[in-house]
1. Considering each residue of the stretch 166-191, count those that are surrounded by 20 or more Cβ atoms within 10 Å (Cβ to Cβ) and closer than 16 Å to residue 253 by Cα, and give that number.
2. Does the stretch 40-51 contain any residue that is open to solvent by less than 10 Å² (accessible area, probe 1.4 Å), touching a helix residue (DSSP H, G or I) at 6+ places or on another chain (Cβ under 9 Å) and part of a strand (DSSP E or B)?
3. For residue 79, indicate whether it is at pLDDT 95 or above, in a strand (DSSP E or B) and out of contact with any Pro (no Cβ under 9 Å at 6 or more places or on another chain).
4. Give the residue, chosen from 277, 283, 270, that is of a type outside the set (Val, Ile, Thr) and surrounded by fewer than 17 Cβ atoms within 10 Å (Cβ to Cβ).
5. May I ask you to verify whether residue 234 is in contact with a Gly (Cβ under 6 Å, 6 or more places away or on another chain) and open to solvent by less than 20 Å² (accessible area, probe 1.4 Å)?
6. Which numbered condition in (1) buried (at least 19 other Cβ atoms within 10 Å of the Cβ); (2) farther than 18 Å from residue 347 by Cβ; (3) aliphatic (A, V, I, L, M) is the only one that residue 161 fails?
7. Anything in the stretch 65-97 that is closer than 16 Å to residue 115 by Cα and open to solvent by 10 Å² or more (accessible area, probe 1.4 Å)? List them, or say none.
8. If a residue has to be open to solvent by 70 Å² or more (accessible area, probe 1.4 Å), modelled with pLDDT under 75 and in contact with a strand residue (DSSP E or B) (Cβ under 9 Å, 6 or more places away or on another chain) to count, how many in the stretch 119-157 make the cut?
Amino acid sequence: MSTDMDVRVSRHSVFPVEDYDRYVGDSPRATPYHASAWLQAIEKAYGHTAWIVSGHRGGALCGVLPLVEVRRPIGQPILVSLPFCDLAGPLADEPALEERLVQAARDLARTNGIARLQVRSGGRAVAPEAIAAGDARDKVRMLMPLPRTSADLFQSFKPKLRSQVRKAEKNGLTSQVRTDPEALDPFYRVFSANMRRLGSPVHSRSWFRELQRSYGERLLVGLVHLGDTPVGAGIVLIQGDRASIPWASTLAEHNHLAPNMLLYWTLLSRVCDSGCREFDFGRSTLGEGTYRFKKQWGAVAHELIWRDGGVADDASAGTRSPATGGGWMSGLRPLVELLWSRLPPGLVNWLGPKLRRYITL
């Protein structure tokens with residue numbers, strides 16, 4: 001392997017975006033989160049600084065690592081690839097070049113006075129029975145191959161799954177997929193209500209508006225209605241022939257009508273017929289409800305490898321998968337979530353985004 005790679009570190013705002021997106025578009029391992037649109041939305045909506053570590057050989061781009069610098073009002077800053085998603089680690093022509101990019105990211109962190117670097121990458125398919133519940137590796141990414149047509153996809157489902165989709169339709173629910181900015185309004189009504197119910201700070205409206213502006217037609221909004229009322233909503237991002245669903249929500253009081261089944265089927269059928277060949281259901285904990293929900297569609301568990309550690313020296317940067325957490329803070333989490341869910345909707349929708357911008361998960 002040739003080692004004459006020139007590694008550079010640039011602000012996202014000055015890096016040639018066409019070159020970056022062309023390289024990402026040609027990479028077989030790129031996710032929708034690798035696109036420059038994700039970095040652009042983060043900078044515009046939340047004001048975090050985005051960086052690109054790039055490798056060049058003979059004047060040609062041969063590797064990229066997108067990064068975001070998150071500086072919190074309280075606590076230490078972090079350099080992460082990337083916040084608000086499961087993975088967007090290094091992409092390079094050769095595996096050894098990826099390590100050069102990660103080393104350059106450590107150097108950037110040191111230069112900027114950042115003690116912690118987190119690089120989120122994906123791995124191979126895993127056998128769930130080989131991982132014990134509570135293990136540090138029990139967070140997995142659920143991936144599903146897609147056939148050529150939605151008709152073929154529907155026929156591949158087990159009879160019980162097909163009947164659940166039809167049940168939602170028989171219950172009077174309707175669905176649609178939209179790409180216009182106005183679709184974000186019903187999405188956000190459902191999403192913010194669900195986040196409050198779960199006791200979790202919600203992303204800002206401006207975050208989703210900037211995503212829509214950045215991704216354009218590659219951002220799909222799935223909506224499920226009961227009459228004129230939106231009861232289910234989700235967003236799918238597309239990169240090449242890969243689709244990812246970072247957010248999906250339903251209103252709990254209507255869950256007996258199975259809006260989640262119709263929501264996912266509507267989005268799956270749309271991306272399948274539009275040429276996507278892989279659907280990323282996102283992160284789940286082995287054995288829990290969301291894992292079982294995704295598995296029933298045909299999704300397979302894959303490793304999530306998050307390299308998370310200090311940057312004082314190379315040895316201090318540990319490697320792990322995202323864990324379920326622990327320590328005294330984990331014991332307080334149920335209480336915090338309960339208290340948050342009891343706050344008035346107007347308050348949580350005002351305060352939530354002010355907190356959410358600093359929560360990188």
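The values are calculated or read from the model by the stated rules, or taken from the named source; none is laboratory data. This one's a predicted model, so the numbers in the text were calculated from it and none came from an experiment. In this analysis, Cβ positions are derived from the backbone assuming ideal geometry, glycine residues included, and neighbour counts consider all displayed protein chains. SASA here: full protein model, heavy atoms, side chains in, ligands and nucleic acids out. Shrake-Rupley method; radii C 1.70, N 1.55, O 1.52, S 1.80 Å.
1. 4
2. yes
3. Numbers: at pLDDT 95 or above: yes; in a strand (DSSP E or B): yes; out of contact with any Pro (no Cβ under 9 Å at 6 or more places or on another chain): yes.
The answer is yes for residue 79.
4. Numbers: 283 fails: surrounded by fewer than 17 Cβ atoms within 10 Å (Cβ to Cβ); 270 fails: surrounded by fewer than 17 Cβ atoms within 10 Å (Cβ to Cβ).
Selected residue: 277, the only one of 277, 283, 270 that is of a type outside the set (Val, Ile, Thr) and surrounded by fewer than 17 Cβ atoms within 10 Å (Cβ to Cβ).
5. On the way: in contact with a Gly (Cβ under 6 Å, 6 or more places away or on another chain): yes; open to solvent by less than 20 Å² (accessible area, probe 1.4 Å): yes.
Spelling it out, residue 234 is indeed in contact with a Gly (Cβ under 6 Å, 6 or more places away or on another chain) and open to solvent by less than 20 Å² (accessible area, probe 1.4 Å).
6. Evaluating residue 161 over (1) buried (at least 19 other Cβ atoms within 10 Å of the Cβ); (2) farther than 18 Å from residue 347 by Cβ; (3) aliphatic (A, V, I, L, M) leaves (1) as the failure.
7. Here is the first cut: in the stretch 65-97, the ones closer than 16 Å to residue 115 by Cα are 67-81.
Matches in the stretch 65-97: 69, 71, 72, 73, 74, 75, 76, 77.
8. At the first step, the residues of the stretch 119-157 found to be open to solvent by 70 Å² or more (accessible area, probe 1.4 Å) are 124, 129-130, 133, 137, 145, 148, 152, 155-156.
If we keep only those that are modelled with pLDDT under 75 too, we end up with 129-130, 133, 137.
Among the residues that remain, those that are also in contact with a strand residue (DSSP E or B) (Cβ under 9 Å, 6 or more places away or on another chain) are: 133, 137.
Qualifying residue count for the region: 2.
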